[in-house]
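First the structure, in the form of C-alpha cells, and then the observations on it.
Any read-out appearing in this document is the output of simple, stated calculations on the displayed coordinates, not a laboratory observation. Keep in mind it's a predicted model, so treat the numbers as computed, not measured. When we count neighbours, we look across all protein chains shown, and the Cβ atoms used for this are built from the backbone with ideal geometry, even at glycine.
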Amino acid sequence: MTMAEFDRPTIAAARAGTAAAIDEGLRSYMLRVYNYMGLGLVVTGLVAYFTSQWAMTSPENAALIYQSPLMWVIALSPLAFIMVLSFGINKLSVPAAQGVFWAFAAVMGLSLSSIFLVYTGASIAKVFFITAATFGSMSLYGYTTKRDLTGMGNFLIMGLFGIVIASIVNIFLGSSGLDFAISVLGVLIFTGLTAYDTQKIKESYSESFGADVLAKGAIMGALSLYLDFINLFMMLLRLFGNRE
C-alpha cells in the first residue's frame, strides 16, 4: 500500500467530519433565525391583542390610537426600525440589534391592533393557521430545494414594487376590484418570497464568519421571514377574513 492510499481514508473521514460540522452549524443557525422570527410574531400578536382590548374600553382610547395624529406615528414607526436594522446593522452591537428587533415587533403589534376591531377573532385564527401552513411549506421548500431561486426572487421583488405602487394608487381610487387583485397577487408574491428568502438565508451562512456576524445575520434573516409571514397573513386576511 502506498502512502497516498494509506492517507485516502483519513482525508475522506476528515471531509465527512467537516461536512457534518457545517450541517450541524447550519441547522443551529436556521433554528436561531426561526426562533427570533417566532418570538417576534408572539410579541406582535400579544401587543396587537392587548392594544385592541385597551382601545375598546372607551371611545377616547380608540380615538387616540386610530383617529389622532398618533395613528400616523404608529403606522410609520415600523418602517423606521426596518431602516435602522437594514442600514445600521453593522454598526450595532448584537444586544442593540436584538433590542431594535424586539422594539420593531412591538410597534408592529400597535400598527396591526386594528385587525381585532375589523375582523372576527375566529377568522383571524383561521387565517393565521392557513398562513403558518403555507409559510412552513414554502420555507421548507426553500431550505431543501437544489434549484437556484435567484431569478424567481428578482422577479417577485419587482412584483412587490408593483403591488406597493398599485396600493398607493388605490388609496385614491378606492376600487374593490383592484384591491382584490392586489391581495391575490400579494399572496402569490409573498409565498414565493418565503422560499427565496429562506434559501438566501441558508446560503448566507457559508459566507458569514465570526460569532457576531452570524448573530446579526440571524436577526436580519428573521426580519426577512417575519415580514414575509406578516404580509402573507395580511393579504390572506383581506381575502378570507370575516368582518365584524
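Put a dot 7 Å past the Cα of M56, heading toward its Cβ, do the same for R27, and the two dots end up 4.3 nm apart. Applying a length cut-off of 15 Å (Cα extent along the axis) and a mean Kyte-Doolittle floor of 1.0 to the DSSP H helices of the chain leaves 70-88, 94-112, 150-173, 211-240. With a Förster radius of 25 Å applied to the beta-carbon distance between E244 and L79, the computed FRET efficiency rounds to 0.35.
Working value for the chain: equivalent-ellipsoid semi-axes of 40, 21, 16 Å, each the square root of 5 times a Cα gyration tensor eigenvalue, largest first.
Selection among T191, L160, M71 by position relative to the dipole of the stretch 3-240 gives T191 as farthest towards the positive end (Cβ unit charges, Cα centre). In the chain, taking the dipole from charged Cβ atoms about the Cα centre, the farthest positive-side position among S28, M234, S86 is held by M234.
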